[in-house]
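Here's the structure, in structure tokens; my notes come after.
The values are calculated or read from the model by the stated rules, or taken from the named source; none is laboratory data. Computed from a prediction, not measured in an experiment: that's the story for all the values here. In this analysis, Cβ positions are derived from the backbone assuming ideal geometry, glycine residues included, and neighbour counts consider all displayed protein chains.
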């Protein structure tokens with residue numbers, strides 16, 4: 001699933017799949033939004049889901065909302081790169097838009113959980129960069145969930161219970177960021193993406209670039 005054609009400095013580069021995961025309320029959605037706003041060449045992967053649309057959400061921007069029958073059809077046709085069930089709702093990543101972006105040399109940002117990250121890694125390990133976002137404390141996580149005012153107390157309790165299980169997968173990720181302050185956490189995540197874009201093995205145009213430099217230096 002390598003991409004060819006991305007370039008910020010004249011050197012051809014493969015695209016990458018940049019994954020952010022965290023327990024609900026730890027800040028991955030906010031960090032994802034900031035990355036999309038401030039990092040050129042990064043596309044958001046829009047998931048399909050069977051959960052109901054929330055107030056303020058827009059079809060095709062936040063999610064593609066489908067029923068369970070449609071979701072199962074997509075799974076059977078291998079139209080999804082990864083999928084998982086979270087709180088009785090199903091979520092998945094459509095394959096076609098991701099592959100189109102990577103083939104054009106653009107990076108793709110994923111806001112998915114550990115299950116989806118494992119599936120992506122199985123399919124394209126070399127192109128996946130994964131970051132797990134941790135809250136600074138359990139109390140802070142609970143406060144953020146209540147501040148969002150999107151879920152009932154019962155759902156918040158379920159999310160808090162699930163958070164411990166989700167965090168047990170932290171060691172499977174390439175990088176860990178503790179979100180004490182959103183600006184600092186964003187700076188760290190941004191630095192990770194910038195560094196990963198510069199990795200030698202991803203910069204498939206380096207051989208040609210270096211050879212041309214050598215040719216110019218020859219007497």
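Here the condition is being touching a helix residue (DSSP H, G or I) at 6+ places or on another chain (Cβ under 8 Å), surrounded by 19 or more Cβ atoms within 10 Å (Cβ to Cβ) and either in a loop (DSSP other than H, G, I, E, B) or modelled with pLDDT of 95 or more (or both); of 20, 34, 81, it holds for 20 alone.
Checked against the criterion of being in a helix (DSSP H, G or I), out of contact with any helix residue (DSSP H, G or I) (no Cβ under 8 Å at 6 or more places or on another chain) and within 14 Å of residue 21 (Cβ to Cβ), segment 209-216 has no qualifying residue. Contact map, segment 65-83: first residue under 11 Å from residue 95 (Cα atoms), second residue part of a loop (DSSP other than H, G, I, E, B), Cβ cut-off under 7 Å, separation 6 or more or different chains; pairs are 82/112. Regarding residue 156, is this residue touching a helix residue (DSSP H, G or I) at 6+ places or on another chain (Cβ under 6 Å) and either surrounded by 12 or more Cβ atoms within 10 Å (Cβ to Cβ) or modelled with pLDDT of 80 or more (or both)? When the stated conditions are applied, residue 156 passes them. The residues in segment 178-208 that are free of Cβ contacts under 8 Å to residues at least 60 places away in the same chain, farther than 25 Å from residue 105 by Cβ and either outside any helix (DSSP H, G or I) or in contact with a helix residue (DSSP H, G or I) (Cβ under 8 Å, 6 or more places away or on another chain) (or both) can be counted, and the count is 3.
Of everything in segment 59-72, what is assigned to a loop (DSSP other than H, G, I, E, B) and at pLDDT below 95? Give them in sequence order.
Within segment 59-72, the subset assigned to a loop (DSSP other than H, G, I, E, B) is 60-62, 66-67.
Passing the criteria: 60, 61, 62.
So for segment 197-207 (the condition being more than 20 Å from residue 22 (Cα to Cα), surrounded by 17 or more Cβ atoms within 10 Å (Cβ to Cβ), modelled with pLDDT of 90 or more and under 18 Å from the mean Cα position of the chain (by Cα)), does at least one residue qualify? Looking for residues that are more than 20 Å from residue 22 (Cα to Cα), surrounded by 17 or more Cβ atoms within 10 Å (Cβ to Cβ), modelled with pLDDT of 90 or more and under 18 Å from the mean Cα position of the chain (by Cα), one finds at least one in segment 197-207, hence yes.
Within segment 166-177, restricting attention to residues that are assigned to a loop (DSSP other than H, G, I, E, B) and touching a residue at least 12 places away in the same chain (Cβ under 8 Å), the residue that is surrounded by the most Cβ atoms within 10 Å (Cβ to Cβ) is 173. State yes or no: is residue 51 assigned to a loop (DSSP other than H, G, I, E, B) and surrounded by fewer than 16 Cβ atoms within 10 Å (Cβ to Cβ)? Against the criterion (assigned to a loop (DSSP other than H, G, I, E, B) and surrounded by fewer than 16 Cβ atoms within 10 Å (Cβ to Cβ)), residue 51 qualifies.
Rundown of residues vs (1) modelled with pLDDT of 95 or more; (2) part of a helix (DSSP H, G or I); (3) surrounded by fewer than 21 Cβ atoms within 10 Å (Cβ to Cβ); (4) out of contact with any helix residue (DSSP H, G or I) (no Cβ under 7 Å at 6 or more places or on another chain), yes/no style:
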| position | (1), (2), (3), (4) |
| --- | --- |
| 74 | yes, yes, yes, yes |
| 85 | no, no, yes, yes |
| 91 | no, no, no, yes |
| 97 | no, yes, yes, yes |
| 100 | no, yes, yes, yes |
| 105 | no, no, yes, yes |
| 108 | yes, no, no, no |
| 115 | no, yes, yes, yes |
| 124 | no, yes, yes, yes |
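Given (1) at pLDDT 90 or above; (2) surrounded by 13 or more Cβ atoms within 10 Å (Cβ to Cβ), where does residue 163 come up short, assuming only one miss? (1) is the only condition that residue 163 fails. Only one entry in 138, 149 is over 24 Å from residue 93 (Cα atoms) and at pLDDT 70 or above, namely 138.
Exactly one residue out of 25, 10 is at positive phi, more than 15 Å from the chain's Cα centre (by Cα) and loosely packed, with under 14 Cβ neighbours inside 10 Å: that is 10.
Could you check, for segment 151-172, whether at least one of its residues is under 23 Å from the mean Cα position of the chain (by Cα) and within 26 Å of residue 102 (Cα to Cα)? Looking through segment 151-172, at least one residue is under 23 Å from the mean Cα position of the chain (by Cα) and within 26 Å of residue 102 (Cα to Cα).
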